[in-house]
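Engineer: Dropping the structure in here first, questions after.
The values are calculated or read from the model by the stated rules, or taken from the named source; none is laboratory data. The structure presented is a predicted model; accordingly, all values stated were derived computationally and were not measured. Note that we place each Cβ from the backbone using ideal geometry, even for glycine, and neighbour counts take in every protein chain shown.
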Amino acid sequence: MSDAALLKKPWQSMARQRDAGTFGIWVFLASEMLFFGALILTYTVYRVSDPAAFTAAARETDIWYGTINTAILLTSSLTMAVAVQASTAALGFRRLIVACLSLTVALGVAFLVVKGFEYKEDIEHHLVPGLHFALAQPAAQIFFALYWVLTGVHAIHLTIGLGLVSRLALLIWRRKLVFDDNPEIEVTGLYWHLVDIIWIFLYPLIYLPGRAS
Amino acid sequence: MTAKSETPTKTARDLWRRNGLIWAALMVLLALTLSFAYVPLGAANTPIALGIGATKAGLVVWLFMELAKSSALKRLAAATGLVWLCVMFTLTLADVLARLHTH
Amino acid sequence: MSDALATGNLPFPPRPDYLRNGRTVTSWLTTTDHKRIAILFALAITFFFFLAGAAITAVRIELLSPQGHFMTSDTYNKLFSFHGIVMVWFFLVPSIPNTFGNFLIPMMIGAPDVAFPRLNLLSWYLFMIAGLVTVYMLVAGGVDTGWTFYTPYSTMFSNTHVLAAAAGVFIAGFSSIASGVNFITTIHMLRAPGMTWFRLPLFVWAIYATSIIVVLATPVLAISLMLVIAERWLGLPIFDPAHGGDPILFQHLFWFYSHPAVYIMILPAMGVVSEIIPCFARRRIFGYDFMVYAMLAIAGIGFFVWGHHMFVSGMSPYAGLVFSFLSFIIAVPSAIKVFNWTASLYRGQISFDAPMLYALGFVGLFTTGGLSGLFLASIPVDVHVTDTYFVVAHFHYIMVGGSVSAFFAALHFWWPKITGRMYPESWGRFGAILMYFGFNLTFFPQFLAGYLGMPRRYHTYPPEFQIYNIMSSSGAAILAAAYLLPLGYLTWSLFYGKRAGSNPWRATGLEWTTTSPPPPENFDSQPRVDRAPYDYHPEGYSAGLGEPEVQNAREVE
């Protein structure tokens, strides 16, 4: 019954439209893999070229901010997954979906707040490449150049995700969007999880090297 | 569509239980990778950290993103991204490592 | 209507075609109809084509004399850079996929639209924003890095508008990816009943293969340019050798996109030619399956060969060996295609209408360009001719001789379908022949000049090369006329051209079974497909003389 409201041009069946939406976003995620992959490749090339400078630089990052943020994002993936599955179950879980989407947004914002504190601390510790950089090794500046680029690009992706998820939460809360089996929720969820996955890889690359030595 | 195969009387609690378990596993892995980072294992530290990272990512992809229940086509899309990533890494590093070791 | 009656079709119930379905500017700027978006793209890329063409006209005039009196070296550098950037990202990459691909893919597979119509429109707006940034870059003073943005020149030394140039290309990349995702999903999800994968016209396969490359390669270009922007704008020393940065890494990232980008430009052209040759030879395409596999192989192997752009960059010679070997391999699927086109002509009933002339021109020029590519894949020869006009000639044979010829072939072939009007045939043939000769006169002498050692990208040159440059520049004048000519007679045909029937070429694709121009939803009734494409003649015959079997089992009567 909700199908008629959701069916869009040029589709003739809801199943096909959903299939195309999720397939399309998977194709886009494959593209995103190459996007972040190219950055991580850059990191890898420089790290194998000067491992000592990279571990020394990585030690300067704040592992607690990094770890807390990893936990926050993993939890946001949990709330997102529940929201998506509550929607695909098509059993009228409106309050649950709204609650989960809002929690996801809250966790995403929390991530950015923590990141903001971390950035502030980094700036105070002269970890921005340039004249007054804190570390002596030249390649340490490359590590931090990549640190800012990687976390910055990730934060932009997260912010886009926040926009998408808040929109869904708001519309469903105000009963302006069909929430049962709406492919938009699933598609947004897939994007959100990808942003989480990127961070899962950034965490060991940025925060963990050099802790033991 | 995938939900139809499950019990129709799924409750909110079921959803939280299933996904909560995955989340708990992710948290355990996070704690594990954090502790391993402080154990001096020399060259093994990085592979362990990345291995745990890959496991976490695998859990998210397979269960949260439900690739386990997705059609072959979507798995193919995901796999294609991964394969091309390998091509990029392999051929670039072929040059970079060869240059490092000849100097 | 009288035409339709004459060809045996009954008049349709009155309903507007897509061109007359809303006449306001707003109805065009907010449209989600793939056919209208195709036309929006066509207008935009035509503008950029002539803009970049104007830049290179000035360069060719400058090169008439060895000393170069006409402009400063700085201006020269900016002009060829602008030409390269705009031609690659604002003409060639979007040219066939976003215009003909956009227009034809849904029609060829029997769908009412692409999978994500609003994303399609977004792609156009992103493209326009990118174009605006690029035009701003030109107005603000241009960029002098060449289209390749090589570091550390682009990041540390150039005093021109690298940021705006890189930002423009970066945004254009998102437009490419959006269209790529859209086409892949459309082809997977919206094929008409009976349209199995191996009944797809080869043009659809070509766009599919192209889209895969776009989706997987473009993000890496985005990263390489973003890192250049980060280094220039934020001062992050990513490719700075003083900090242990590796400028060669930039080249790896750049060419990981930009070599496959060559196939983004040429695969759609191959698709176009594979539609036209069977139609004008009245023959089934020779070796359909192999054509499909060859295109997929080109798309795949295209990702393994980028290092041949870097043989003299200081890359490890061992990696160079691997890349050289892999580069030779990609000649195999390309050769398969050329042989199959040739074999499709054999014993055909060939007619030389303008689309066919352009298509045959493509085959010749692509073959020349491809064979000269083998020289460049071989390291010893490449070291000799790197950064000479040999390379310039080689890639212009592929991109201009190949892609642009095919673009014009497609323009003439599908013009009746798109506009509902026939173009004037004699002018069309004259234009095609003129373009072929103008092209060869422009670029063949550059093979010789390059082989004798004339370096590219220099504003002045030793006097012994003047003869080649005069030939090139006069060829370029002919080529310019050949490009402007269709602009004139095609515009004329919009108003005075003969009305086209549904299927003026008696071709077999689904797009020919609807009216010209098509209705907004493409087909009045859902097509059903019961046969492979290119069924121009019965089994056992060498060529068709009568009406071919179209793919639509429910042809509109």
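Engineer: Considering only residues of segment C:193-223 that are under 16 Å from C:T99 (Cα atoms) and either polar (S, T, N, Q) or surrounded by fewer than 24 Cβ atoms within 10 Å (Cβ to Cβ) (or both), which is nearest to the chain's Cα centre (by Cα)?
Structural biologist: C:T210
Engineer: Quick one: which residue in C:T491, C:T508 is surrounded by fewer than 21 Cβ atoms within 10 Å (Cβ to Cβ), under 25 Å from the mean Cα position of the chain (by Cα) and not hydrophobic (A, V, I, L, M, F, W, C)?
Structural biologist: Working: C:T508 fails: surrounded by fewer than 21 Cβ atoms within 10 Å (Cβ to Cβ).
Result: C:T491 is the single residue among C:T491, C:T508 that is surrounded by fewer than 21 Cβ atoms within 10 Å (Cβ to Cβ), under 25 Å from the mean Cα position of the chain (by Cα) and not hydrophobic (A, V, I, L, M, F, W, C).
Engineer: Let me ask something additional. Restricting attention to segment A:97-106, does a residue exist that is at the interface with chain B (Cβ under 10 Å from one of its Cβ atoms) and without any contact (Cβ under 8 Å) to a residue 24 or more places away in the chain?
Structural biologist: Yes, because at least one residue in segment A:97-106 is at the interface with chain B (Cβ under 10 Å from one of its Cβ atoms) and without any contact (Cβ under 8 Å) to a residue 24 or more places away in the chain.
Engineer: Could you list all residues from segment A:172-203 that are touching a Gly at 6+ places or on another chain (Cβ under 9 Å), assigned to a loop (DSSP other than H, G, I, E, B) and crowded, with 24+ Cβ neighbours inside 10 Å?
Structural biologist: A:F179, the sole residue that qualifies.
Engineer: Out of all the residues in segment C:523-541, which are within 28 Å of C:R283 (Cβ to Cβ), out of contact with any Leu (no Cβ under 9 Å at 6 or more places or on another chain) and not small (G, A, S)?
Structural biologist: Once the filter is applied, which keeps residues that are within 28 Å of C:R283 (Cβ to Cβ), out of contact with any Leu (no Cβ under 9 Å at 6 or more places or on another chain) and not small (G, A, S), segment C:523-541 yields C:R528, C:D530, C:R531, C:D535, C:Y536, C:P538, C:E539, C:Y541.
Engineer: May I pose another question? Check whether at least one residue in segment C:260-277 is under 30 Å from C:R506 (Cβ atoms), touching a residue at least 60 places away in the same chain (Cβ under 8 Å), away from chain B (no Cβ under 14 Å) and over 17 Å from the mean Cα position of the chain (by Cα), and report yes or no.
Structural biologist: Looking for residues that are under 30 Å from C:R506 (Cβ atoms), touching a residue at least 60 places away in the same chain (Cβ under 8 Å), away from chain B (no Cβ under 14 Å) and over 17 Å from the mean Cα position of the chain (by Cα), one finds at least one in segment C:260-277, hence yes.
Engineer: Examine segment C:206-217 for a residue that is more than 22 Å from C:V262 (Cβ to Cβ), among the aromatic types (F, W, Y) and part of a helix (DSSP H, G or I), and state whether such a residue exists. Step through it out loud before you land on a result.
Structural biologist: Initially, segment C:206-217 is screened for residues more than 22 Å from C:V262 (Cβ to Cβ), giving none.
Taking every residue of segment C:206-217 in turn, none turns out to be more than 22 Å from C:V262 (Cβ to Cβ), among the aromatic types (F, W, Y) and part of a helix (DSSP H, G or I).
Engineer: Then there is this: Mind checking which residues of segment B:52-98 are farther than 30 Å from A:T88 by Cβ and at the interface with chain A (Cβ under 9 Å from one of its Cβ atoms)?
Structural biologist: Here is the first cut: in segment B:52-98, the residues farther than 30 Å from A:T88 by Cβ are B:86-98.
Those that are farther than 30 Å from A:T88 by Cβ and at the interface with chain A (Cβ under 9 Å from one of its Cβ atoms): B:M88, B:F89, B:T92, B:L93, B:V96, B:L97.
Engineer: Being surrounded by 24 or more Cβ atoms within 10 Å (Cβ to Cβ), touching a Phe, Trp or Tyr at 6+ places or on another chain (Cβ under 7 Å), touching a residue at least 12 places away in the same chain (Cβ under 8 Å) and not in a helix (DSSP H, G or I): is that true of C:F256 here? Even if it seems obvious, please write down each step before you answer.
Structural biologist: Values: surrounded by 24 or more Cβ atoms within 10 Å (Cβ to Cβ): yes; touching a Phe, Trp or Tyr at 6+ places or on another chain (Cβ under 7 Å): yes; touching a residue at least 12 places away in the same chain (Cβ under 8 Å): yes; not in a helix (DSSP H, G or I): no.
It is false that C:F256 is surrounded by 24 or more Cβ atoms within 10 Å (Cβ to Cβ), touching a Phe, Trp or Tyr at 6+ places or on another chain (Cβ under 7 Å), touching a residue at least 12 places away in the same chain (Cβ under 8 Å) and not in a helix (DSSP H, G or I).
Engineer: Let me ask something else. Regarding C:F203, is this residue within 11 Å of chain A (Cβ to nearest Cβ) and either on the phi < 0 side of the Ramachandran plot or part of a loop (DSSP other than H, G, I, E, B) (or both)?
Structural biologist: Working: within 11 Å of chain A (Cβ to nearest Cβ): no; either on the phi < 0 side of the Ramachandran plot or part of a loop (DSSP other than H, G, I, E, B) (or both): yes.
Criteria not met by C:F203.
Engineer: Pick from segment C:310-357 the residues that are aromatic (F, W, Y) and more than 30 Å from C:L434 (Cβ to Cβ): which of them is surrounded by the fewest Cβ atoms within 10 Å (Cβ to Cβ)?
Structural biologist: So, considering only residues that are aromatic (F, W, Y) and more than 30 Å from C:L434 (Cβ to Cβ), the one surrounded by the fewest Cβ atoms within 10 Å (Cβ to Cβ) is C:F325.
Engineer: I'd like the full set of residues that are surrounded by fewer than 20 Cβ atoms within 10 Å (Cβ to Cβ), in a loop (DSSP other than H, G, I, E, B) and on the phi < 0 side of the Ramachandran plot, limited to segment C:36-83.
Structural biologist: Residues satisfying the conditions are C:L64, C:S65, C:P66, C:Q67, C:H69, C:F70, C:M71, C:T72.
Engineer: When the residues of segment C:1-27 are filtered to those that are crowded, with 16+ Cβ neighbours inside 10 Å, modelled with pLDDT of 90 or more and of a type outside the set (S, T, Y), which remaining residue is farthest from the chain's Cα centre (by Cα)?
Structural biologist: Looking at residues that are crowded, with 16+ Cβ neighbours inside 10 Å, modelled with pLDDT of 90 or more and of a type outside the set (S, T, Y), I get C:D17.
Engineer: With C:R199, C:R191 as the choices, which residue is basic (K, R), touching a residue at least 24 places away in the same chain (Cβ under 8 Å) and either closer than 24 Å to C:A409 by Cα or in contact with a Phe, Trp or Tyr (Cβ under 6 Å, 6 or more places away or on another chain) (or both)? Step through it out loud before you land on a result.
Structural biologist: On the way: C:R191 fails: either closer than 24 Å to C:A409 by Cα or in contact with a Phe, Trp or Tyr (Cβ under 6 Å, 6 or more places away or on another chain) (or both).
Residue meeting the stated conditions: C:R199.
Engineer: Tell me which residues, restricted to segment C:224-243, are more than 33 Å from the chain's Cα centre (by Cα), assigned to a loop (DSSP other than H, G, I, E, B) and not aliphatic (A, V, I, L, M).
Structural biologist: If the condition is that a residue be more than 33 Å from the chain's Cα centre (by Cα), assigned to a loop (DSSP other than H, G, I, E, B) and not aliphatic (A, V, I, L, M), then C:G235, C:P237, C:D240 are the ones that fit.
Engineer: Here is a list of conditions, (1) over 21 Å from A:M33 (Cα atoms); (2) facing another protein chain (nearest Cβ under 9 Å); (3) surrounded by fewer than 21 Cβ atoms within 10 Å (Cβ to Cβ), and A:G152 meets all of them except one; can you say which number that is?
Structural biologist: So the condition that A:G152 fails would be (1).
Engineer: Continuing with the same structure: Can you tell me which residue among B:A44, B:A25 is in contact (Cβ under 8 Å) with a residue 24 or more places away in the chain and more than 9 Å from every other protein chain (Cβ to nearest Cβ)? Reasoning before the result, please.
Structural biologist: Details: B:A44 fails: in contact (Cβ under 8 Å) with a residue 24 or more places away in the chain.
Just a single option satisfies the conditions, and that option is B:A25.
Engineer: Of the residues in segment A:204-213, how many are surrounded by 24 or more Cβ atoms within 10 Å (Cβ to Cβ) and more than 7 Å from chain B (Cβ to nearest Cβ)? Reasoning before the result, please.
Structural biologist: Keep residues of segment A:204-213 that are surrounded by 24 or more Cβ atoms within 10 Å (Cβ to Cβ), which gives A:204, A:207-208.
In the following step, the residues that additionally are more than 7 Å from chain B (Cβ to nearest Cβ) were identified as A:207.
Total satisfying the criteria: 1.
Engineer: Just one of C:G320, C:G348 is over 23 Å from the mean Cα position of the chain (by Cα) and not in a helix (DSSP H, G or I); which is it? I'd like the intermediate steps shown before the answer.
Structural biologist: Values: C:G320 fails: not in a helix (DSSP H, G or I).
Step by step, each of C:G320, C:G348 is checked, and only C:G348 is over 23 Å from the mean Cα position of the chain (by Cα) and not in a helix (DSSP H, G or I).
Engineer: Moving on to the next point. Output the number of residues of segment C:406-424 satisfying the condition of being within 19 Å of C:Y483 (Cα to Cα), more than 16 Å from the chain's Cα centre (by Cα) and part of a helix (DSSP H, G or I). Spell out the reasoning first.
Structural biologist: Going residue by residue through segment C:406-424, those that are within 19 Å of C:Y483 (Cα to Cα) are C:406-415, C:422-424.
Still in the list and also more than 16 Å from the chain's Cα centre (by Cα): C:415, C:422-424.
Now narrow it down to the ones that are part of a helix (DSSP H, G or I): C:415.
Matching residues across segment C:406-424 total 1.
Engineer: Taking segment A:36-45 only, how many residues are in contact (Cβ under 8 Å) with a residue 24 or more places away in the chain and either in contact with a strand residue (DSSP E or B) (Cβ under 6 Å, 6 or more places away or on another chain) or facing another protein chain (nearest Cβ under 7 Å) (or both)? Don't jump to the end; show me each part of the working.
Structural biologist: First, the residues of segment A:36-45 that are in contact (Cβ under 8 Å) with a residue 24 or more places away in the chain: A:36, A:39-40, A:42-43.
With the extra rule that they be either in contact with a strand residue (DSSP E or B) (Cβ under 6 Å, 6 or more places away or on another chain) or facing another protein chain (nearest Cβ under 7 Å) (or both), the set shrinks to A:39, A:42.
Of the residues in that region, 2 qualify.
Engineer: Just give me the residues in segment C:452-487 being surrounded by fewer than 17 Cβ atoms within 10 Å (Cβ to Cβ), hydroxyl-bearing (S, T, Y) and in a helix (DSSP H, G or I), in sequence order.
Structural biologist: Result: C:S474, single match.
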